[in-house]
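Asker: After the structure tokens below, expect a handful of questions from me.
Bear in mind that the values in this text are calculations on the coordinates, not laboratory data. Not measured: the values here are computed from a predicted model. Neighbour counts run over all protein chains shown; Cβ positions are idealised from the backbone, glycine included.
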Amino acid sequence: MYIEKLKLENYRNFKKLYLEFDKGINMVLGNNAVGKTNILECIYLLSRGRSFKTQRLNEIINYDENNFYASLKAVRGSGEFSVRYGYNRDGKKQIGLNGMNINKNSELLGNLYTILFVPEDLYIVKGNPKQRRNFIDEVLMQIRPNYRYDLMRYYRTLKQRNNLLKNIATKPSLRYTLYSWDQQIIAYGLKIASMRSRFVNIISGIASRIHKKLSGGEELDVKYIVNFGNNKDDYVNLIKESADKDISYGLTTIGPHRDDIKILLDGREAKNYSSQGQQKTIALSLKLSEIKIVEKEIGESPIFLLDDVFSELDEERKGFIIDTISGMQSLITANELYLEGDWNKIRLGVV
Ligand SMILES: Nc1ncnc2c1ncn2[C@@H]1O[C@H](COP(=O)(O)OP(=O)(O)O)[C@@H](O)[C@H]1O
Ligand SMILES: [Mg+2]
């Protein structure tokens, strides 16, 4: 899969921009603040229906303007498709796929497949459990459209159960209604946890192979850590046992919203023991693994968006990444060309 062309209007610092891309490696070059990351943000928005930089689309509209517009043409298999996204200060969206209007951001998913790596992704390793769960959820949402619904249902039920817990605290006679919520939340929770845990098993195998090469020999191991035992019976028992505690907190303490992903480097937990550089390399290995997983799922390569890491890598690692992404389209941003090669070079900020 590859993007042929991209058109921006009033998108952040770009009043008007038109770019064409190669099927292979595209180096997006320019000084700080010329808008390199903004271009990746825009492609990500057209791929997922949301930005990785902000939740407020208003921020994206050029300071002097009242609406932004972005569109691209891409090729999947032998067919061309187009995606567009418009937004104005009144909050009105206009999203389109192949010329048809669509209503929801989520309907964009499953068209333009992208894998993004930004320096902040080191928080997958270094950050909190939520950041690790988000990483897994993001990938699953892209390759399993139903996962999004399951996740939404789980979180909706969680919210309702939490409201009930708070109500029980003031009105104990409501307690008998808890049981039916428990059954629902367990059904959704098991689904979420089993999807995540199967996925983590798959990515662990791939990532450990990639990481060994990328790091020059380190052993990476990734595990999904369930906080409600090993099966449905454990879950049922634990949620029952924690009912008093849950009521006093007004919060559900058991379930996949509290799960974590354990990332081990040479047997030690990377968030505690690894250096920042190692953590970044682990995150990169995980993202490169994602490429393999998406390739297998959709039978085609996604588009790899790599922001700002090239400058820090030694020649060998750069070479390894180039090898790994050969045969797919990528957009790599950098201040200058850090690796000579026959790449398509897109220079921003020069007239
Ligand atoms: N809504 C906006 N309108 C105009 N300029 C913006 C807007 N949002 C961000 N910018 C500008 O975009 C620039 C940063 O772009 P960015 O893509 O992060 O640069 P790079 O990645 O090349 O360093 C900044 O100069 C910032 O002021
Ligand atoms: Mg940048």
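Asker: Roughly how far apart, in whole Å, are the Cα centres of segment 158-210 and segment 277-351?
Answerer: 36 Å
Asker: Mind checking the angle between helix 232-241 and the chain's longest principal axis? C-alpha axes, 0 to 90 degrees, to the nearest 10.
Answerer: Relative to the chain, helix 232-241 is tipped by roughly 60 degrees.
Asker: Still on this structure, I have one more. Using alpha carbons only, how many degrees (0 to 90, rounded to 10) separate the axis of helix 129-143 from the longest principal axis of the chain?
Answerer: Helix 129-143 and the main axis of the chain meet at about 70 degrees.
Asker: Can you give the direction-averaged projected area of the convex hull of the alpha-carbon atoms in segment 154-226, in nm²?
Answerer: The Cα convex hull of segment 154-226, projected and averaged over all directions, gives 6.2 nm².
Asker: Return a whole-number percent for the relative contact order of segment 203-351, with Cα pairs under 8 Å and 6 or more residues apart as the contact set.
Answerer: Computed value for segment 203-351: 23 percent relative contact order.
Asker: Sticking with this one: At q = 0.07, 0.10, 0.12, 0.13 Å⁻¹, what is the base-10 log of I(q)/I(0) for the chain according to the Debye formula with one equal point scatterer per Cα and no solvent? Please give it to two decimals.
Answerer: Rounded to two decimals, the profile gives -0.35, -0.69, -0.95, -1.07.
Asker: Using Cα-Cα distances under 8 Å and only pairs 6 or more residues apart, what relative contact order does the chain have, in percent?
Answerer: Working: 603 pairs, mean separation 90.0, N = 351.
It rounds to 26 percent for the chain.
Asker: Comparing Leu165, Leu284, Leu220, which has the greatest mean-square fluctuation in the GNM of the chain with Cα pairs linked when under 10 Å apart?
Answerer: Largest GNM mean-square fluctuation: Leu165.
Asker: Over segment 304-344, what is the relative contact order in whole percent, taking alpha-carbon pairs under 8 Å and six or more residues apart? Don't jump to the answer; show the numbers that get you there.
Answerer: Working: 29 pairs, mean separation 24.4, N = 41.
Relative contact order of segment 304-344: 60 percent.
Asker: Of the cross-linked pairs Lys73/Lys104; Lys232/Lys296; Lys53/Lys130, which ones have a Cα-Cα span greater than 24 Å in the structure shown?
Answerer: Those over the limit are Lys232/Lys296.
Asker: Take the alpha-carbon centre of segment 1-52, take the same for segment 95-120, and report the distance between them in whole Å.
Answerer: 14 Å
Asker: Now for a different question. Test of understanding: in a Gaussian network model of the chain with alpha carbons linked when under 10 Å, which of Asp233, Asp259, Asp22 would top the mean-square fluctuation ranking?
Answerer: Among Asp233, Asp259, Asp22, the largest GNM mean-square fluctuation belongs to Asp233.
Asker: Same structure again: As a quick test, which of the pairs Lys213/Lys345; Lys213/Lys292; Lys223/Lys287 have an alpha carbon distance above 18 angstrom in this structure?
Answerer: Lys213/Lys345
Asker: Let me ask something else. Which of the chymotrypsin sites (Phe, Trp or Tyr not before Pro) found in segment 52-88 are in a DSSP loop and have at most 10 neighbouring Cβ atoms, other than their own, within 10 Å? Each step should come with its number before you reach the end.
Answerer: Working: sites: Phe52, Tyr63, Phe68, Tyr69, Phe81, Tyr85, Tyr87; in loops: Phe52, Tyr63.
Here the sparse-neighbourhood loop sites are Tyr63.
Asker: Beyond a 32 Å Cα-Cα separation, which of these cross-linked pairs lie in this structure: Lys126/Lys191; Lys5/Lys92; Lys191/Lys280?
Answerer: In this structure, no pair lies more than 32 Å apart at Cα.
Asker: Relative to the longest principal axis of the chain, what angle (0 to 90°, nearest 10) does the C-alpha long axis of helix 276-298 take?
Answerer: Between helix and principal axis, roughly 90 degrees.
Asker: Rounded, prolate or oblate: which fits segment 89-166 when a ≥ b ≥ c are the square roots of the eigenvalues of the alpha-carbon gyration tensor, with rounded for a/c under 1.5 and prolate only if a/b beats b/c?
Answerer: Oblate.
Asker: Something else: Count neighbours as other Cβ atoms within 10 Å of each site's Cβ, and list the GluC sites (Glu not before Pro) in segment 234-332 that are DSSP loop with at most 15 such neighbours.
Answerer: Glu300
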